[in-house]
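No value in this document is a laboratory result; all are computed from the given coordinates. All of these numbers come straight from a predicted model, not from anything done at the bench. Here the Cβ positions follow ideal geometry from the backbone for every residue, glycine too, while neighbour counts run over all protein chains shown.
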Amino acid sequence: MRVSEHRANQLEPGRILNEELFLYLVDLEVKRARRYQDFYCLLLLKMTPISNREGGGEAKTSFQTLTNLLLTEVRESDILGLLAENKLAILLPYADACAGGLAKSRLEGALAYYDFRSRGCEVGIRQVCFPINGSARDLIKKVLETDPS
């Protein structure tokens with residue numbers, strides 16, 4: 001079992017998907033959006049350490065705080081995925097760039113109330129939208145390689 005699968009299993013079961021299942025659903029959404037000439041957005045979140053402190057425990061609790069925040073802030077119809085140890089993505093089906101921007105702003109506002117910096121980490125959010133930010137292959141590549149900071 002990979003680290004991301006283990007961590008996803010520790011979270012609310014079924015609500016945050018592992019990387020393989022999440023990318024499969026992204027692929028299905030790409031096909032649906034292409035066929036029906038529709039939009040969708042992805043919000044990519046990455047928690048990065050900003051200090052050299054030995055904050056392993058703090059990093060774990062900060063990541064758990066972030067996932068709990070996402071679970072309360074996103075809609076039930078949005079799909080959350082754990083892509084790497086400290087990297088999450090949210091698939092917003094049927095969301096155009098404007099709706100994705102509103103969701104991103106809402107998350108940034110919620111993140112402002114949590115003091116991740118004092119815990120030695122920072123959360124970056126990046127938005128990509130189909131078809132505005134490229135082809136389906138480009139978007140999946142951006143999901144896997146992104147650095148949202």
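Any chance you could run the full-extension gain for ASN68 through ALA112? It's 0.36 nm times the residue separation minus the Cα-Cα distance, nm to one decimal.
Here the segment from ASN68 to ALA112 would lengthen by 14.4 nm.
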On full extension of the chain, what length is gained from ALA84 through ASP138, given 0.36 nm per residue of separation minus the C-alpha to C-alpha distance?
-> 17.5 nm
Given 0.36 nm per residue, what is the gain on full extension from ILE50 to LEU21 after removing their alpha carbon distance, in nm?
-> 7.4 nm
Between SER105 and GLU122, how many nm apart are label points set 7 Å from Cα along the C-beta direction?
-> 2.3
Simple spin-label estimate for ARG35 and GLU76 in nanometres, 7 Å along Cα-Cβ = 2.5
